[in-house]
C-alpha cells in the first residue's frame with residue numbers, strides 16, 4: 001500500500017512554481033509554412049498530349065470499335081515528387097527491406 005500511496009498520494013504542502021520564460025522565445029519564432037507537392041502535373045507538350053490520348057482511348061475501347069471517348073485532361077508524374085519518394089522509400093527500406101511503402105503526400109517548406 002505504501003508504494004501506491006507514494007505514487008498517487010498528494011501531499012498537503014504547497015509548492016511554489018516559478019514562471020516560465022519560454023513564452024518570449026515561442027512568440028519570436030515565425031510560423032513555419034508547408035506547401036504540398038502534387039503527385040501529377042499537366043503534360044506541357046501538345047505532341048505528347050495527343051499520343052497519350054490516342055493510346056488511352058485505344059486501350060479503353062478494347063474490342064468495341066463503335067465507342068467514343070473524350071480525353072479532358074492528361075497528366076504526368078511530377079519529377080520532383082518521384083525523386084523525393086524514391087529517396088524516402090529507399091532510406092525506409094534500408095531499415096526494413098521486407099516491407100513495402102506508399103508515399104501519401106510530400107510537402108515543401110517555404111522560407
Tell me, please, whether a residue that is surrounded by 13 or more Cβ atoms within 10 Å (Cβ to Cβ), modelled with pLDDT of 90 or more and part of a loop (DSSP other than H, G, I, E, B) can be found in the range 77-96. yes
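Listed here are the residues, each with its yes/no results for (1) in a loop (DSSP other than H, G, I, E, B); (2) touching a residue at least 40 places away in the same chain (Cβ under 8 Å); (3) within 22 Å of the chain's Cα centre (by Cα).
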position	(1), (2), (3)
44	yes, no, no
47	no, no, no
53	no, no, no
58	no, no, no
70	yes, no, no
102	yes, no, yes
Taking the range 39-76 and the residues there that are within 30 Å of residue 111 (Cα to Cα) and loosely packed, with under 12 Cβ neighbours inside 10 Å, the one that is modelled with the highest pLDDT would be 42
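The values are calculated or read from the model by the stated rules, or taken from the named source; none is laboratory data. The structure presented is a predicted model; accordingly, all values stated were derived computationally and were not measured. A quick note on method: Cβ atoms are made from the backbone with ideal geometry, for glycine too, and the neighbour counts reach across all protein chains shown.
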